[in-house]
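Read through the structure below, which is laid out as structure tokens, and then see the notes.
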Amino acid sequence: MVFTMNGLMAHVALPYSQFARTYDDAVGTRYFQGLKRAFEQLLRQHGVRFSSVADLGCGTGLFARYLDRIWKVPVFAVDRSGAMLRRAAINCRGGKVVLLLQDIRSLHLPAQVDLITANFDTLNHLLTLKDLIRTFQRVAANLTPSGHFLFDILTPCQLLPPGRSSVHRFITPQCRVEQVIRWQPITNALSIKIRQRCHARANPAIELHRERTFTVEELGRALHEAGFIVRGVHDATTLAPATRCVPRLLVLARRIAAC
């Protein structure tokens with residue numbers, strides 16, 4: 001699809017098909033640093049050990065590469081974007097990460113793992129509670145008995161102005177990137193428009209992303225129906241136990257082993 005924007009012809013691309021090339025420079029590397037700190041603290045705090053892991057919504061593979069190089073365990077990295085997986089193949093070059101092109105609602109790993117992670121809004125790309133429950137069930141099926149699931153998720157307690165656009169701009173070595181986020185609390189929805197221009201005379205590429213936030217009650221229902229028990233619910237910013245509604249949660253759950 002092509003339309004006119006500010007006098008320029010703009011091409012509407014599939015989500016992450018164009019943004020993949022600048023993702024790390026714009027947001028990925030910065031987010032990864034905080035993610036690594038949170039991951040290490042929560043595993044230490046809850047005494048979680050693992051000898052195999054899968055990262056869902058792995059994107060450009062920064063976290064998968066970290067798991068491979070630092071933890072030295074078998075790693076499956078799953079994403080449904082071919083463009084992101086191609087970047088992951090570059091980032092994970094020389095390691096033992098296995099890249100899988102899959103929709104996490106139908107997750108099927110080559111083998112069960114002790115730990116599954118889902119970071120940076122991966123689960124918010126699921127737009128219905130039914131899809132969230134289905135994904136949690138697939139996660140449980142791909143975990144070893146008593147395996148753990150660690151994920152972040154956006155809640156309806158967003159700090160963005162309702163119905164108004166919030167604009168973030170990034171300049172990378174290759175491109176100029178503009179991210180426009182619009183929060184609609186009535187539907188618990190986030191719409192995200194990414195405008196990327198990589199050459200002064202080139203037409204910009206536009207990607208339209210949709211996300212859905214989930215309440216704590218919805219999370220509890222989905223985890224229960226999938227056979228998990230919750231071990232920890234944390235504020236993703238402070239890593240303290242979440243005692244009130246915060247914009248982003250970090251949740252650690254354990255699969256209930258069958259008797």
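Summarising the strand pairing of the chain, around 65 percent of its internal DSSP beta bridges are antiparallel. Computed over the chain with a Gaussian network model linking Cα atoms closer than 10 Å, the most mobile of Gln45, Gln137, Gln179 is Gln45. Ordering Pro145, Val251, His125 by Cα displacement along the dipole of the chain toward the positive end leaves His125 in first place; charges were set at the Cβ atoms of Lys, Arg (+1) and Asp, Glu (-1).
For the chain, the number of Lys pairs with C-alpha atoms closer than 26 Å, counting only pairs eight or more positions apart or on separate chains, is 4. With Cα atoms defining each centre, the range 179-253 and the range 101-122 are spaced 17 Å apart in the structure. For the range 112-259, the relative contact order is 28 percent, taking Cα pairs closer than 8 Å that sit 6 or more residues apart in sequence and dividing their mean separation by the residue count.
Among Glu207, Glu178, Glu217, the order by Cβ neighbours within 10 angstrom, fewest to most, reads Glu217, Glu178, Glu207. Placing +1 on the Cβ of every Lys and Arg and -1 on the Cβ of every Asp and Glu, with nothing else charged, gives the range 93-235 a dipole about its Cα centre of roughly 680 debye. Where Lys and Arg each count +1 and Asp and Glu each count -1, what net charge lies around Ile70 among other residues with Cβ under 11 Å from its Cβ? Local charge sum for Ile70: +2. With contacts taken as Cα pairs under 8 Å and at least 6 residues apart, the chain reaches a relative contact order of 19 percent.
Residues Thr172, Thr122 in ascending order of nearby Cβ atoms (within 10 Å, fewest first): Thr172, Thr122. Report the local net charge at Arg80: Lys and Arg +1, Asp and Glu -1, summed over other residues whose C-beta lies under 11 Å from its C-beta. After counting each charged neighbour, the total is -1.
Can you give the net charge of the other residues whose Cβ lies under 13 Å from the Cβ of Val98, counting K and R as +1 and D and E as -1? Net local charge, Val98 excluded: -1. Mean residue ellipticity, 222 nm, helices only, the chain: the sum of -39500 (n - 2.57) across DSSP H runs of n ≥ 4, divided by residue count and rounded to 500, is -6500 deg cm²/dmol.
Taking all Cα pairs closer than 8 Å and separated by 6 or more residues, the relative contact order of the range 172-259 comes to 18 percent.
Read-outs: derived from the displayed coordinates by stated rules, not from any lab. Only a predicted model underlies this, so the values are computations on that prediction, with no experimental measurement involved. Cβ: placed from backbone, ideal geometry, glycine included. Neighbour counts: every protein chain shown.
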